[in-house]
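Q: Please read through the structure below; I'll follow up with questions.
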Amino acid sequence: MFSALVAAVALFGAPSAGAQTKFVARATATYITVAGDTLYEVAQRYLTDAASWRVLAVLNHVSAPRRLPPGTALRLPLALLRRDSMPVSIVALSGLVTARAHGRSADAGASPSVPLLLGRILGEDDTVSTGADGFATLELDDGSYVSIAPNSRVVLSILRKMALTGIEDHVIELQHGEVSNEVTHAKQQGDRFEVRTPSIVAGVRGTRFRVNELPSMTAVEVLDGTVAVGASAKTRKDDGKDKANAKAAKAADASSPSQFVGAGHGSATPNGGAVGVPQALLPPPRLAHPGKVQDGKLVRFDLEPAPGAAGYRVQIARDADLLDLIRDARVESPSATFSDVPDGTYFVRVSSIDASGLEGIPRVYAFERRANELSATAASEGPHEYRFAWRISRTAPDTRFRLVLSSRQDLRDPIVDAVDLTEPSLVVSDLPAGEYHWRVVSEQYDHGRFYETVGPVRTFTLAK
């Protein structure tokens, strides 16, 4: 049914005013006819209105539209080609995420927001909102990914593919919050991927970048490729009929020229101000203990302080690309803790935040979460006897313990260094008066790996 497609764009003539039959297009795609084609069938197949076959007749100087010889090269105006809505699928979810079908607000008559489920298909004009603990990653029809951070709301404003040419048009409207984008490279010259906020438009095909709509400014951070950042007019459907919107966009562009932001750079645009000039992003920070097994009640990451950092961001995901996020924290000090993280293997991404609010280049580490809480206490057992007792939350497999007791805070020159203990306590006798420091270490072999859980150093004083 479909012919071979020649991906050619022809530029000719100026548009003519008047009747549809006198329409002359500037940009066209070429269609090669097959046996049985008619102008009407071609128009019905590829154009928004089958009645536009008359335009094709005039444009291609065809006097007998009922039957077309096979191999005829027809020019079809791009402006008249049908644009089909494309689906979006949900590939990762965590926490509270809701969706509203074909509605940008909760106005009367709009569809209600409902919890979003993994695997659901979304469409053009659907709205996705995340709660304080909510994450969602959307996959577009071309293989691009859009990850939505907590406390965000996006509208899938335009999701179209042009008939015949395959030109794709994606516009994501970020009303507030943050989106991270991994965009496939453009296959056609006219392919478009844009993120629009009230302040800026970030347009690109083939890159990784973030857009964060903050109360005072909009941040765009580019990790790979180049992003064009321009001033934004109010987002509306780009159907060629909204002349007022086009004029507003031109006026905004004139007052605030676009900036091209390359990899490793960002742009901070104040609300209502000129588009921010590109500036270098901070380099990635390092974890202080990258190989540590996270065995405590809380998962804790300590970072080496980074020069120029006013804060840090720490994120946990189930995958190295962080499409399946489960935790996200922004902190002022180089340390972050997370609760209720189940056992498993995860990835943590760390980045620095500069004084302007731009998030720097990230670094990703793999880590193991294997909770094994170790608690300990010391009590008097009798005259001059003291029982040191402990317990762990993970009782299997078999565990050996080590008790270290010293008069030094760093536990050097221990008075007691008992190893291979199988019982959860030990009695120590005849300790002289003084200050003592001690800790317990649990040791387990599990599935061929050695795990050591080190308890905190505890202190007590024996008076004379």
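Q: Any residue that is in a strand (DSSP E or B), within 30 Å of Arg54 (Cα to Cα) and out of contact with any Phe, Trp or Tyr (no Cβ under 8 Å at 6 or more places or on another chain) - is there at least one of those in region 147-159?
A: Checked region 147-159: at least one residue is in a strand (DSSP E or B), within 30 Å of Arg54 (Cα to Cα) and out of contact with any Phe, Trp or Tyr (no Cβ under 8 Å at 6 or more places or on another chain).
Each row is one residue, and each column tells you yes or no for (1) surrounded by 18 or more Cβ atoms within 10 Å (Cβ to Cβ); (2) in a strand (DSSP E or B).
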{"position": "Ser352", "(1), (2)": "yes, yes"}
{"position": "Ala355", "(1), (2)": "no, no"}
{"position": "Ala366", "(1), (2)": "no, yes"}
{"position": "Asn372", "(1), (2)": "yes, no"}
{"position": "Ser375", "(1), (2)": "no, yes"}
{"position": "Glu381", "(1), (2)": "no, yes"}
{"position": "Arg387", "(1), (2)": "no, yes"}
{"position": "Arg394", "(1), (2)": "yes, no"}
{"position": "Pro397", "(1), (2)": "no, no"}
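Q: Then there is this: Looking at (1) out of contact with any strand residue (DSSP E or B) (no Cβ under 9 Å at 6 or more places or on another chain); (2) of a type outside the set (D, E, K, R); (3) farther than 29 Å from Glu368 by Cβ, can you tell me which one Pro432 breaks?
A: Of the numbered conditions (1) out of contact with any strand residue (DSSP E or B) (no Cβ under 9 Å at 6 or more places or on another chain); (2) of a type outside the set (D, E, K, R); (3) farther than 29 Å from Glu368 by Cβ, the odd one out for Pro432 is (1).
Q: Moving to a separate point now. Tell me which residues, restricted to region 435-464, are among the hydrophobic types (A, V, I, L, M, F, W, C) and either under 13 Å from Ser375 (Cα atoms) or over 37 Å from the mean Cα position of the chain (by Cα) (or both).
A: Selection gives Trp438, Val440, Val441, Val454, Val457, Phe460, Leu462, Ala463.
Q: Name the pairs: first residue in region 433-454 and without any contact (Cβ under 8 Å) to a residue 40 or more places away in the chain, second residue surrounded by 13 or more Cβ atoms within 10 Å (Cβ to Cβ) and in a loop (DSSP other than H, G, I, E, B), Cβ to Cβ under 8 Å, at least 6 apart or on different chains?
A: Gly434/Ser407; Glu435/Ser407; Tyr436/Ser407; Tyr436/Ile415; His437/Ser407; His437/Leu411; His437/Val457
Q: Now a separate question. Would a scan of region 412-426 turn up a residue that is touching a residue at least 40 places away in the same chain (Cβ under 8 Å) and not charged (D, E, K, R)?
A: no
For (1) in the same structural domain as Leu93 (by TED's automatic domain parsing); (2) farther than 30 Å from Arg327 by Cβ; (3) of a type in the set (A, V, I, L, M), each residue gets a yes or a no:
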site	(1), (2), (3)
Leu156	yes, no, yes
Lys161	yes, yes, no
Ile167	yes, yes, yes
Val171	yes, no, yes
His176	yes, no, no
Val179	yes, no, yes
Arg192	yes, yes, no
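Q: With respect to the numbered conditions (1) of a type in the set (D, E, K, R); (2) in contact with a Leu (Cβ under 6 Å, 6 or more places away or on another chain); (3) over 19 Å from Glu194 (Cβ atoms), which one is the sole condition not fulfilled by Arg67?
A: If we test Arg67 against (1) of a type in the set (D, E, K, R); (2) in contact with a Leu (Cβ under 6 Å, 6 or more places away or on another chain); (3) over 19 Å from Glu194 (Cβ atoms), just (2) comes out false.
Q: Asn181 versus (1) polar (S, T, N, Q); (2) in contact (Cβ under 8 Å) with a residue 40 or more places away in the chain; (3) in a strand (DSSP E or B): which is the lone unmet condition?
A: Only one criterion in (1) polar (S, T, N, Q); (2) in contact (Cβ under 8 Å) with a residue 40 or more places away in the chain; (3) in a strand (DSSP E or B) is unmet by Asn181, namely (2).
Q: Now a separate question. Any chance you could count how many residues in region 39-82 are in contact (Cβ under 8 Å) with a residue 24 or more places away in the chain, under 15 Å from Leu164 (Cβ atoms) and not in a loop (DSSP other than H, G, I, E, B)?
A: The total comes to 17.
Q: State whether one or more residues within region 215-231 are modelled with pLDDT under 70, exposed (fewer than 15 other Cβ atoms within 10 Å of the Cβ) and either outside the structural domain of Ala355 (by TED's automatic domain parsing) or closer than 25 Å to Asp126 by Cα (or both).
A: No, region 215-231 has no match at all.
Q: Let me ask something else. Can you tell me which residue among Ser375, Ser425, Ser429 is more than 30 Å from Ser352 (Cα to Cα) and touching a Gly at 6+ places or on another chain (Cβ under 8 Å)?
A: Residue meeting the stated conditions: Ser375.
Q: Quick one: how many residues across region 117-146 are of a type in the set (A, V, I, L, M) and outside any strand (DSSP E or B)?
A: Count: 4.
Q: Criterion first (closer than 15 Å to Ala378 by Cβ and in the same structural domain as His384 (by TED's automatic domain parsing)) does Ser442 satisfy it?
A: No.
Q: Could you tell me whether any residue of region 403-420 is part of a strand (DSSP E or B) and within 38 Å of the chain's Cα centre (by Cα)?
A: Taking every residue of region 403-420 in turn, none turns out to be part of a strand (DSSP E or B) and within 38 Å of the chain's Cα centre (by Cα).
Q: Tell me, yes or no, whether region 240-254 has at least one residue that is modelled with pLDDT of 95 or more and of a type in the set (S, T, N, Q).
A: no
The values are calculated or read from the model by the stated rules, or taken from the named source; none is laboratory data. These figures come from a predicted structure and were not determined experimentally. Positions of Cβ are backbone-derived with ideal geometry, glycine not excepted, and every protein chain shown enters the neighbour counts.
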